[in-house]
Amino acid sequence: MLTIATGNKAVAAAVKQVSPEVIAAYPITPQTEIVEQIAEYVTNGELKSQYIPVESEHSAMAACIGASITGARTFTATSSHGLLYMHEMVNWAAGGRLPIVMANVNRALGPGWNIWAEHTDSMQERDTGWLQVYVSTVQEAYDTTLMAFRIAEHNDVLLPVMVNLDGFSLSHINQSLETVDLGDFIPPLRLPHAIDVKNPRGYGPLTGPEDYFKFRWDIERSMRDSVKVIESIENEFFRRFGRSYGFTDDYQCEDADVVVVSMGTLGKEAEVSIDLLRKEGIKAGSMRIRWLRPFPKLDLKGRDVVVIDRDYSFGYGGILAEAVRSTCRAEPYSVIAGLGGQEVTYDDIAGFIRGRRPGEESWFGVTPDV
Amino acid sequence: MYEIRIHSRGGQGGVTAAKLLALAAFRDHKYATAFPFYGAERRGAPVVSFVRIDESPIRVYSQIKKPDLIVVLDNSIMDVVDVLHGLRPGGKVLLNGTLPHDMKGFQTLSVDLTTIALRLNLVVAGSPILNTPVIGALAKMGIVSMDSAKSAISEMFSDDRNVKAAEAAFQELVL
Amino acid sequence: MTEIPKEEYLFKCTSACAGCSSSLVLRYVLKAAGPDTVLVMPACCTSVIQGIYPNTAMNVPVYNVAFAAAAACASGMSAAFRAAKKSTNVIVYAGDGGTVDIGIQALSGAFERRTDFLYICYDNEAYGNTGMQRSGATPTGARTTTTPGGKPDTKKDIDRIVEAHDPPYMATACSAYPHDLFKKVTKALSIRGPKFIHVLAPCPPGWRYPTEQTVEMGKLAVKTGMWVLFEREYGKVTINGPSRAAMIKPLPVEEYLGPQGRFKGISREAVDALVSLARRNAKRLSLEEEGVC
C-alpha cells in the first residue's frame, strides 16, 4: 500500500506486520510516536503482541531479554538518554545472544537539554555487540526494520540489531511509504538456546577467565558472519520487494576524486551537494554508511575523503572519521556538523567538500568567538 | 522543487496542514515531504512547518530557507515573526482573513478560513479548524489538484465537513 | 504436617558458605515450585552458589541478569510464557540489596503492571556476596564493612512498600521454618498476579555467629519478635503461629542480638530503636489482623 508516513510511523508499521510476541518500551522524545502507535495497534487489536509499558528503559531492555530467552520475538524503541540508561542491558542482550530488534531515534545527550538529531547516543553503544544500521528515508526505515528481524534471528548471527533514525529530521518527516505484503519473509523464530524446563541450564552464570573470552570471540565470529547474512537477506528483500540498500549507499562514487562519507539524513542531503558540485565540474561522490557494525570495507583508495561526523569522542575525534582513517588508511578532512540538530544544508556540505583540508578537523559553525 | 513554509500557532493545525498538502501532492503522483520545525513549543506558540513538492525524489532535509510560498494561518503571528523572511523574488503569500500588513510588494492572497470553519461549526476544543480549508485554498492556487486535496482530507478525516470547508475556501479565494 | 516432596532441585556440594540459610530457603522454594519453573536471578550470593560455567547446581533453568533488572526481566519472561500458553512459574530469587536498593524500581514497576510471577527476597540484611556491606535492609546498630560503627539508619520496610502495590499475595518467612515457607510458596504459586515473599536468611559469616546456630538464629529472630511471620492474602493479614506466640510472650531481644558479632558493642539507644520498631510493626500487624486498621 502506498501512503505517506513519518519515520516513526514507518517503524511502527513494520513492527505491526512482524508482530513480535512481546514489546516492552518506555516513551522518550522523539521516539514517542513509535510507542504510541504500537500501543494504539495493540489496543485496537491490529497487533496481538504483549505490550509491556515498563517504568524505565533499563527495564524495557530487561523485559525484552526475559521474553527473548523463552524464544519469543521482541522489539523495543528508545532514544538518547533512554538508550544510555539501558546501556547495561544493551550489553546483556548481545552477550545473551538474543535477537532483539530496537529502533533508536538518534538524539543528542544533555546537558544542555537537546531533543534534536545527533549520533553520539548510538555511537556510545557501538562496542556492545549489537549490529547497527543507520537509515535515511521513511521507506528505508520501514524496509530496514523488517530486514533487521531476519538478520538478528539468523542462526549465524543471533545478535540484536539496532535500527537508527535521525530524531525529528527523519522520525517526524512525512514522506511516501510503500508497505509490502510480507508473505513468508519473516518465518517463526526458532531460538536454539531458548529456555526449556525439560533441559535445565544456567544462562549467563559466573564464567571464569578460562572460558569467558570464548563467549566474547563467539560474538565477534557471529559479527563477521553477519556480513554474508546481511547481503543474503538484502538480496532476498530485493527479489521479493524490489528495493535494496547495501552496506553503503554510494552516489556518483565511481569516478569521484573526492568522496563525502556520512550517515543518516545528512547522507541523503549530501547527494544534492554532489549534484551542485558536478555542475561546477568537481568530480565528487557521496558514500552514506548504513551499517556501522559490522563496519563495512570501504573503497576510498586514491581519492580525497571528507567525513561528516554527527557525533564526537572528546579528546580523540569524530568517531566515523577515525573509523575511516584506520580502516582505509585515508587522511580524511573531518567535519563535525549537525550536533544537537544543528542545521546543515546541501550548500554547507558542498562547502565542506570545496574547502577540504585533508588530515584536518573542523567544527562547523565554530569560529574563534564561539 | 516547490517549497512552502506554513506559519501557525501550536494547536491551530499547521503541522497537519503540511501533512495534508504533502499527501495531496503525493496523490497527484508527485514527490513530497512535510515536516515541522520542532522546538519546545506548546499550544499557542508560533510554529513553522515546511512542505516540499517535486517531480523527483526529495533528498533535502534541511529547513526551507527560500520558500516559493508562505502560508499564514494566524495573522497575529506577523506581529512577532518576520513571515516574509527568505521569500523568493516572485514568491507568494496566502493569508487567513484580511490584509492588514505591508507585504512588501509580494503577491498576496487571502481567504477567511476562520469564518469558513466557524460557519461549518468545525471547531475542536474551542479552536476553529484551519488545516482542512487551507488545502482548498492551496488547490485553487494550483499547488495541488482539488481532487487530490479532497481525497487527502477524506483519508485523514472522516467528518465530511472538512471537505466542505476545503470546497468553500476553494470557491471563496479570489486569485 | 505438610508433605514435602523428596525431589531435589538444588544439588549438593554447592559453593555456599557453611551454615548458609539462603541455600536452605532455595531448596524449599524449589521443592514447592517443582520442575516447571524458571529462576530469574540478579547478582547475589546465590548467583555464585549456583555454580561456575559449565556447571550448574540447579535442576531448573536459571536466568542470570544484571543487578537492577530481575523483576523487569521476569516481566518479559512471564508475558512471553503466558502468550505461549505456558504456565511455567517465573520466580525471581534476589537478595535484599537487589530488592530493597538497586532493584526496587523494577520491582515496583513489575508489581504495578500485575506481572504474573513470584518475587522472593532472601534477606541476610547486607550485601553478602561482596563481603557484607550495608544495604537498605541492614538493621539499626549492625556493623558491616561500610558501617563499622554500626548502622545509624533504620531498616527499610520493604513489606510496606510492596503492600502499597496491593498484590494478591505477600508473606514473610524465615529459613528456620521450612514448612511454613513451603506452604507459602505453594500458595503464592497458586495465585495469578504478582506475589512477594520476604524471607529472613541468617548469614553466619556476615552476622558473625557459629555456623551450627543458623537455624537457631532464625528461630530467635522470630521468638524475640524481631521478625514477624505473616501473610497478606488479598489484603487480609494472618499472623502465623510462631509469631503469634512471640507477640504474647517474646524472648528478651538480647538472646537474639547477643550471639551475633555484628551487634557487638551496640548502644542501648540502638537496641531500644530496634525493639521499638519491632513492637510497632507487630502492633500494626495485630491491629490489621483484627480488622481495626
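Quick notes on this structure:
- Selection of region C:165-202 for residues being touching a helix residue (DSSP H, G or I) at 6+ places or on another chain (Cβ under 7 Å) and in a loop (DSSP other than H, G, I, E, B) yields C:His165, C:Pro167, C:Ser175, C:Ala176, C:Tyr177, C:Ala201, C:Pro202.
- So C:Phe81, is it at negative phi, of a type in the set (Phe, Trp, Tyr) and out of contact with any strand residue (DSSP E or B) (no Cβ under 6 Å at 6 or more places or on another chain): yes
- Criterion applied to A:Val306, A:Val335 was being away from chain B (no Cβ under 14 Å) and touching a residue at least 40 places away in the same chain (Cβ under 8 Å), and the one residue passing it is A:Val306.
- Residue tally, condition part of a loop (DSSP other than H, G, I, E, B) and surrounded by fewer than 24 Cβ atoms within 10 Å (Cβ to Cβ), over region C:44-60: 8
- Any hit, region B:145-153, residues being in contact with a Pro (Cβ under 8 Å, 6 or more places away or on another chain), surrounded by fewer than 24 Cβ atoms within 10 Å (Cβ to Cβ) and modelled with pLDDT of 95 or more: no
- The set of residues from region A:206-230 being surrounded by 14 or more Cβ atoms within 10 Å (Cβ to Cβ) and closer than 22 Å to A:Cys328 by Cβ comprises A:Met223, A:Ser226, A:Val227, A:Ile230.
- Filter result for C:Tyr209 (farther than 24 Å from C:Val100 by Cα and surrounded by 15 or more Cβ atoms within 10 Å (Cβ to Cβ)): yes
- Hits in region A:231-246 - residues which are surrounded by fewer than 20 Cβ atoms within 10 Å (Cβ to Cβ) and away from chain B (no Cβ under 13 Å): A:Glu231, A:Ser232, A:Asn235, A:Glu236, A:Phe238, A:Arg239, A:Arg240, A:Phe241, A:Gly242, A:Ser244, A:Gly246
- Among the residues of this structure, A:Leu165 counts as one that is more than 30 Å from C:Lys86 (Cβ to Cβ), buried (at least 22 other Cβ atoms within 10 Å of the Cβ) and aliphatic (A, V, I, L, M).
- Some residue of region C:100-108 being of a type in the set (S, T, N, Q), farther than 23 Å from C:Glu8 by Cα and within 10 Å of another protein chain (Cβ to nearest Cβ): yes
- Strands (runs of 3 or more DSSP E) contained entirely in region B:5-118, each with at least 1 residues that are more than 10 Å from chain A (Cβ to nearest Cβ) and in contact (Cβ under 8 Å) with a residue 24 or more places away in the chain: B:46-54, B:69-72, B:92-96, B:107-111
- Residue match in region A:187-209 (condition: in contact (Cβ under 8 Å) with a residue 24 or more places away in the chain, in the same structural domain as A:Val101 (by TED's automatic domain parsing) and charged (D, E, K, R)): yes
- Residue count, region A:259-290 (criterion: surrounded by 20 or more Cβ atoms within 10 Å (Cβ to Cβ), of a type outside the set (Gly, Ala, Ser) and outside any loop (DSSP other than H, G, I, E, B)): 14
The values are calculated or read from the model by the stated rules, or taken from the named source; none is laboratory data. Here the structure is a predicted model, which is why all the values come from computation and not from measurement. Here the Cβ is made from the backbone with ideal geometry for all residues, glycine too, and neighbour counts use every protein chain on show.
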